[in-house]
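The values are calculated or read from the model by the stated rules, or taken from the named source; none is laboratory data. Keep in mind the model is a prediction, meaning the values are calculated, not measured. In this analysis, Cβ positions are derived from the backbone assuming ideal geometry, glycine residues included, and neighbour counts consider all displayed protein chains. To get the accessible areas, we keep the full protein, side chains included, count just its heavy atoms, and leave off ligands, DNA and RNA. Shrake-Rupley method; radii C 1.70, N 1.55, O 1.52, S 1.80 Å.
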Amino acid sequence: MPIPDLLRDLLTAAGPSGHEEPASRVWREAASAFAEVHGDTLGTSFARVGRNGAATLAIVGHIDEIGLTVTHIGSDGLLAYATLGVFDAEIGVGQRVVLAGNRGPVEGVLASREVSRRDRSERSSLRHSDLHVDIGAASAEEAAGLVSPGDPGVWKGEPIELQNDRIVSKALDNRLGAYIALEATRRIGETARTDLDVVAVASVQEELGHQGARTAAYSLDPTVAIALDVTWATDVPGANPRRAGQVDLGSGAAITRGPTINPHVSDLLARAAAEEEIPHTFEVYAGRTQTDADDLSTARGGIPTGLVSVPVRYMHTPSELASLGDVEAAIRLVVAFAARLTRDTSFLR
């Protein structure tokens, strides 16, 4: 199964938190082929199919990825940075990055302060303040001609296809969710239902605190919402399925159960998956999910919210790994959920 063209375009576009415009342009252009598209001042994108005034289903996937931003240009031309989102300093060492510079993209490498051969143990305690971005500039003046403080950057690297329909790429968290939201909305739109207003949402700044989902929920005030994200796969060394459930690559769409998730939504998702024979598993949270679902569920007077996730290995690294089969399962599940929504569907607890 090759990577779908739209998903590949989304993965290769830059879009760190707070600077999502390149990825959002890809999403909006694809959405304009079948939906009414608009955006807001924060940068969140909306693609609507169906009829205004009907019950509204919001399908939300955040489009931002983790990244970094230049904070200082040293006299030696090396750049200090701060992270946009969270990734471990050890993961960054030696990784290639591309910055949105003054006159276009600027490539560089993340490197650490020098560590002597006798002190290699220090590698395990690296902090981001020990690292810098090297763009090859020989002086502050040369570097300042290429980049400025505040310029964002992301990992550099093309998506690759592995065995068993598995893919590796930066930004699977969460271009997968943004892609699923748009593709599910397109398929729902093909049913031409007149009793359902469906809005795909590519929210921004999830990695910085779910700001895009919060403002989108306020403006849309949907009847029900489904958040789409990725989650930690449990089929790798050191993972513990006892913590939150068995969520393996290839197990399908992960349906979340927990106190922040409306039980009627999660039950309807589970019923849809069973009746349509869609591969799925369950993930359990005892508190907040740390996804857009948390802010969707508490917006306005409370929005009935579900969370569907795709298992991903090596989260928040330049080489996240997922199964395209699980992506397709998540799309099918959202479409099946929408098909079961009626005017009489109640989410009261």
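Computed values, structure above
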quantity: Helix runs (DSSP H) in the chain reaching 20 Å along axis by Cα, Kyte-Doolittle at least 0.5; calculated: 324-339
quantity: In nm, spacing of pseudo-spin labels at Met315 and Ala82 (7 Å Cα→C-beta vector); calculated: 2.4
quantity: Most fluctuating residue given options Val86, Val247, Val265, as computed from a GNM of the chain linking Cα atoms under 10 Å; calculated: Val86
quantity: Debye equation applied to the C-alpha atoms of the stretch 129-205, log10 I(q)/I(0) at 0.14, 0.20, 0.24 Å⁻¹; calculated: -0.77, -1.01, -1.14
quantity: Computed [θ] at 222 nm, helices only, for the chain once each DSSP H run of length n ≥ 4 contributes -39500 (n - 2.57); calculated: -8000 deg cm²/dmol
quantity: Simple label model, 7 Å out from Cα along Cβ direction - Asp221 to Arg288, nm; calculated: 2.6
quantity: Accessible carbon and sulfur surface of the chain relative to its total accessible area, %, 1.4 Å; calculated: 49
quantity: Per-pair calculated FRET efficiency, R0 = 25 Å: Thr191 and Arg300 via Cβ, rounded to 0.05; calculated: 0.35
quantity: For the stretch 122-168: accessible area per residue (Å², 1.4 Å); calculated: 54
quantity: Simple label model, 7 Å out from Cα along Cβ direction - Val93 to Ala138, nm; calculated: 2.9
quantity: Candidates Gln163, Gln95, Gln246, ranked by Gaussian network fluctuation over the chain, Cα under 10 Å, top entry; calculated: Gln163
quantity: Listed candidates [x] 18.4; [y] 26.1; [z] 20.9 - label of the one calculated as mean projected area of the Cα convex hull in nm²; calculated: [x]
quantity: Considering only the chain, percent of DSSP beta bridges that pair antiparallel, nearest 5; calculated: 60
quantity: Length gained when the stretch Val109-Glu275 is fully extended (0.36 nm per residue, less Cα-Cα span); calculated: 54.8 nm
quantity: Centroid-to-centroid separation of the stretch 5-83 and the stretch 197-216 [C-alpha atoms, Å]; calculated: 10
quantity: Gain on full stretching of the segment that runs from Asn240 to Arg343 - 0.36 nm per residue minus C-alpha separation; calculated: 33.0 nm
